[in-house]
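What follows is a short report on a single structure.
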Amino acid sequence: MFTGIVEELGEVVRIADTGGDSALVAIRGPLVTSDARHGDSIAVNGVCLTVVDVGGGVFTADVMGETLRRSALGGLRPDDPVNLERAAALNSRLGGHLVQGHVDGVGELLSREPAAQWETLRFRLPAALARYVVEKGSITVDGVSLTVAAVGDDWFTVGLIPTTLKLTTLGARGVGDPVNLEVDVLAKYVERLLGTRPATDPTAAGGTAGPLIPPVDGGAR
C-alpha cells in the first residue's frame, strides 16, 4: 500500500528481456534503496514492483507481461525518469490517499495550461474508469496522488503546484504522453457492494422484507 506522495525522482538504468513475455528492470533511486531489501515493494510510476536485488543505489524488479501490457511501463527506456515511492508504514502519516499500486488503465496527456503559480493538466480518461472519478475526489497519475479539479465523460483535469511539477515526472510530460491511472479503490468497493446486494433483505424483522438500495451496474472489469 502506498500514499501517492513521490519520494524520489529515479532513473531507469536498463531493461532486459527475460523471455516468456517478461522483463527485468533496473532503476536507480538512492533514497528508496537506502533501506530496501529483497521482497520489498516500491512503486514505479504508480506500479507496485517487488525488489529482486538491490545494491549501489540501484534495485531490480521483475515485470511480467500483464504489467507491461496494462500499464505504461512497457514504454520505458534507459535514462527515463520515474516516480518512486516505498510502501507506506503503518505508523506514518497518510499524506495523499490509499494507493494500491495496481494500475486500472492508461490515460493520455491532452493539454497543459500554465498559470502564474500552478499548471492545469487535462488527461484522457478511459471510459471504463469514468464512473469512479469525481470532482474533488482522488486519483493517482503515474504514482502521484492528485485531486480532481474537473471531470467529463472521457477526461479529467488536475492542478499541479510548483513542487509537484519539479519533483515528479508530470512536470516534463508532453501532450500525447501515456500515464498510469489508478482510481480510488474505495469507489470500486462501494460499487461492488451495491452491485451485488440483494433487492430485498430476507432477514428483516417482521417477516416482509423492505426494499434496499437498487443495485448498481458494476460492469465487466
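Cut-off 17 Å, label point 7 angstrom out along Cα-to-Cβ of S34: give me the residues of the range 84-113 whose amide nitrogen falls inside. Hits in the range 84-113 for S34 at 17 Å: 84-89, 92-93.
With runs of 4+ DSSP H residues as the only contributors, calculate the mean residue ellipticity of the chain at 222 nm using -39,500 (n - 2.57) per run, divided by the residue total and rounded to the nearest 500. Don't jump to the answer; show the numbers that get you there.
Numbers: 3 runs with 23 residues, N = 221.
Only helices count here, giving -2500 deg cm²/dmol.
Computed from Cα positions, the angle between helix 185-195 and the longest principal axis of the chain comes to roughly 30 degrees.
Report the relative contact order of the chain, percent, no decimals, based on alpha-carbon pairs under 8 angstrom and at least 6 residues apart. Before the final figure, lay out each step's value.
Working: 510 pairs, mean separation 45.0, N = 221.
Relative contact order here is 20 percent.
About the Cα centre of the chain, how large is the charge dipole given +1 on each Lys and Arg Cβ and -1 on each Asp and Glu Cβ? Please answer in debye to the nearest 20.
Details: 19 positive and 27 negative charges, 61 e Å.
Dipole about the Cα centre, nearest 20: 300 debye.
Rounded to the nearest 0.05, what FRET efficiency is calculated for L167 and V134 with R0 set to 25 Å and r the Cβ-Cβ distance? Numbers along the way, then the final one.
Numbers: r = 26 Å, r/R0 = 1.06.
According to the calculation, E is roughly 0.40.
As a length-normalised measure over Cα pairs under 8 Å and 6 or more apart, the relative contact order of the range 9-83 settles at 38 percent.
Given V134, A116, V185, which one lies farthest toward the positive end of the charge dipole of the range 103-203, if we put +1 on the Cβ of every Lys and Arg and -1 on the Cβ of every Asp and Glu? Comparing the listed Cα positions along the dipole, A116 ranks first.
Among (i) 62, 36, 32; (ii) 69, 44, 37; (iii) 60, 57, 42, which is the computed Cα extents along the principal axes in Å? Recomputing Cα extents along the principal axes in Å here picks out (ii).
Throughout, read-outs are computed from the coordinates displayed, never taken from laboratory work. Just so it is clear, the model here is predicted, and its values are computed rather than measured. For neighbour counting, all protein chains shown are included, and Cβ atoms are generated from backbone atoms with ideal geometry for every residue, glycine included.
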